[in-house]
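Below: the structure, in structure tokens.
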Amino acid sequence: PANRALGGLSMGGGHTVAIGFPNTKLFSHLVVMSAGAGQTPEQTYADFFKNPDTVNKQLKLLWVSVGKDDFALAGSKALAEALTKNNIKHTFVVTEGRHEWVIWRHALRAVAPLMFR
């Protein structure tokens, strides 16, 4: 897990949550760009949210980013709010832009140096 990351954008970001949250023993870095975890992330991923201390020990990086004009903004914000509420360490970045490659390119450039440190 120390050498394994999972990340994606848009639907791939949703898949990152769907695969990564139940499998924090397999991944130490999760990058979610322009995606959320549905309207009720705490219910959908109850096991993930019930043990924040364990999650914080297993994940070295949990990065969520989105553009302020992205249609995925509400879902990304809901995910970040659930993480904050449950004391799960994460980074939430809102930048200029929409649901497009320009945003993801800049997000990748920002997050890549933080991985596997």
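The values are calculated or read from the model by the stated rules, or taken from the named source; none is laboratory data. Not measured: the values here are computed from a predicted model. Here the Cβ is made from the backbone with ideal geometry for all residues, glycine too, and neighbour counts use every protein chain on show. To get the accessible areas, we keep the full protein, side chains included, count just its heavy atoms, and leave off ligands, DNA and RNA. Shrake-Rupley method; radii C 1.70, N 1.55, O 1.52, S 1.80 Å.
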Which order do you get for Met11, Met33, Met115 if you rank them by accessible area with a 1.4 Å probe, largest at the top? Met11, Met115, Met33
Students often forget the sequence filter, so: which aspartates and glutamates lie under 17 Å Cα-Cα from Lys85 once same-chain residues fewer than 8 apart are removed? Glu42, Asp47, Asp53
Tell me the relative contact order for the chain as a rounded percent, counting alpha carbon contacts under 8 Å between residues six or more apart. 25
Carbon and sulfur atoms: what percent of the 1.4 Å accessible area of segment 13-117 do they account for? 54
Over the chain, with a Gaussian network built from C-alpha contacts below 10 Å, which listed residue (Lys60, Lys68, Lys85) shows the highest mean-square fluctuation? Lys85
Which of the chymotrypsin sites (Phe, Trp or Tyr not before Pro) found in segment 1-88 are loop residues per DSSP with 10 or fewer other Cβ atoms within 10 Å of their Cβ? none
For Phe92, the accessible surface traced by a 1.4 Å probe with all protein chains present amounts, in square angstrom to the nearest 10, to 70
Connecting every pair of Cα atoms under 10 Å apart in the chain and solving the GNM, the largest mean-square fluctuation among Val102, Val66, Val55 falls on Val102
